[in-house]
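These notes are about the structure you will find just below.
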Amino acid sequence: MNSPGSGSGPESGSSSGSGSGSGSGKHPSLTVQAAGCVLWRRSPVTGELQLCLVHRPKYDDWSWPKGKLRRGEDPLAGALREVAEETGHTAAPSAELPSTHYLAKGRPKRVRYWAAEAVSGTFTPNDEIDRILWLPPDAARSRLTAPGDAALVDALLAVLRPAAP
């Protein structure tokens, strides 16, 4: 699960990009590695696309489900583990989305993201994540606390949008 400083909350200046995630490149092993998903579903009522945001009471912020990788953990496996731990949902991953890079407690941090459809599950509030919201894309973009996280809405929509004939 996330720990203090592992998210895109007020303690970080989020930016997105797809570089190496190694900050200056001098000490790549010092970069904190994390992973998460832009979790989506079709509304059970309207069939409209909804994205899942998690609320961390410690930072009073809204972000994507994500967290630090365990030593030697595959990033996609870690992303799916974080989704399950934070939202109670299992997910079917698809395309990798752009990574975000920012400083967390003075250390460079790289978060790799995947698009993932919620398959099943039920959310149970806990100390780390007290609420989740399923929102339409525009509402999710507006609710996200870190500006760099909003770009992932468009990245997900590009993945889900059928290719033009």
Next item on the list: Filter region 80-111 for residues that are of a type outside the set (S, T, N, Q), within 23 Å of Asp130 (Cα to Cα) and in a strand (DSSP E or B) and give the result.
Entry: His89, Ala91, Ala104, Val111
Check: Residues in region 138-159 that are assigned to a helix (DSSP H, G or I) and either modelled with pLDDT under 95 or within 14 Å of the chain's Cα centre (by Cα) (or both): how many?
Finding: 13
Note to self: Could you check region 88-126 and list, in sequence order, the residues that are surrounded by fewer than 16 Cβ atoms within 10 Å (Cβ to Cβ), farther than 23 Å from Asp154 by Cα and touching a residue at least 60 places away in the same chain (Cβ under 8 Å)?
What the structure shows: Lys105, Arg107
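The values are calculated or read from the model by the stated rules, or taken from the named source; none is laboratory data. These figures come from a predicted structure and were not determined experimentally. With ideal geometry, Cβ positions are generated from the backbone for all residues, glycine too; neighbour counts draw on all protein chains shown.
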